[in-house]
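Participant: Can you read through this structure? Questions will come right after.
The values are calculated or read from the model by the stated rules, or taken from the named source; none is laboratory data. Being a predicted model, the structure only gives us computed values, none of them experimental. Ideal geometry is used to build each Cβ from the backbone, glycine not excepted, and the neighbour counts take in all protein chains shown.
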Amino acid sequence: MTPQAETESLRFAERLPGWQRWSGSLIFAILAVIFAVVAVIESLWGFYLVAVALIFAAVWCWRLARITVTVDDQAVILTGPAWKRVVPLQDVHEVSVSTDNGMNLGLVNWPVTTHEHGSLTRLNMGGTAAVTFSDSKGYRYQFVLANLQDARLVAEAITG
């Protein structure tokens, strides 16, 4: 049996900037302590559950929250919190790189947001450049990266 050649892939993971990671985690932790104190004083079991959920949210924000783009020889794989999309490379059209302000387009500040009546899905943890492409069904995806050099690398990997 002959060994299979390893396929080359490009992967970028973006996390929240350090100050946002720490401040978000700190806010969740402070709220958890408040809920835990109220739960102990008032004997409210539901508040214990809220405190535990807030601790998990603090750890998630501090260590686990990220978006990733992986480009291999078959597909572009986009992942974010509670979201994943696999777009076959043959379905990718109109790849572009542009500067970005790293801000979300609406009031919801979640890493994966949908805009323009569902035709654009934006993955954003802050950054200065974005790669935008569409699939064969006309849906557009935008991945915000830390810098223009990384965005160009992703675009080159997508276009081959």
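Participant: Filter segment 41-59 down to residues that are surrounded by 15 or more Cβ atoms within 10 Å (Cβ to Cβ) and of a type outside the set (Ser, Thr, Tyr) and give me whichever is farthest from the chain's Cα centre (by Cα).
Facilitator: Of segment 41-59, the ones surrounded by 15 or more Cβ atoms within 10 Å (Cβ to Cβ) are 47-48, 50-51, 54-55, 57-58.
Subsequent filtering for residues that are of a type outside the set (Ser, Thr, Tyr) retains 47, 50-51, 54-55, 57-58.
Numbers: Phe47: 30, Val50: 25, Ala51: 25, Leu54: 20, Ile55: 21, Ala57: 15, Ala58: 17 Å.
The qualifying residue farthest from the chain's Cα centre (by Cα) is Phe47.
Participant: In segment 122-136, how many are in contact (Cβ under 8 Å) with a residue 40 or more places away in the chain and either basic (Lys, Arg) or under 19 Å from Gln90 (Cα atoms) (or both)? Working first, answer last.
Facilitator: If we filter segment 122-136 for residues that are in contact (Cβ under 8 Å) with a residue 40 or more places away in the chain, which is where we start, we get 123-127, 131, 133-136.
Still in the list and also either basic (Lys, Arg) or under 19 Å from Gln90 (Cα atoms) (or both): 131, 133-136.
Summing the residues that are in contact (Cβ under 8 Å) with a residue 40 or more places away in the chain and either basic (Lys, Arg) or under 19 Å from Gln90 (Cα atoms) (or both) in segment 122-136 gives 5.
Participant: Based on this model, can you work out whether Val69 counts as outside the structural domain of Ala155 (by TED's automatic domain parsing), touching a strand residue (DSSP E or B) at 6+ places or on another chain (Cβ under 8 Å), of a type outside the set (Gly, Ala, Ser) and buried (at least 16 other Cβ atoms within 10 Å of the Cβ)?
Facilitator: On the way: outside the structural domain of Ala155 (by TED's automatic domain parsing): yes; touching a strand residue (DSSP E or B) at 6+ places or on another chain (Cβ under 8 Å): yes; of a type outside the set (Gly, Ala, Ser): yes; buried (at least 16 other Cβ atoms within 10 Å of the Cβ): yes.
Yes, satisfied.
Participant: For segment 93-102, enumerate the residues that are more than 17 Å from Tyr139 (Cβ to Cβ) and part of a strand (DSSP E or B).
Facilitator: As a first pass, look at segment 93-102 and keep what is more than 17 Å from Tyr139 (Cβ to Cβ): 97-102.
Val97, Ser98, Thr99 - these are the residues of segment 93-102 that are more than 17 Å from Tyr139 (Cβ to Cβ) and part of a strand (DSSP E or B).
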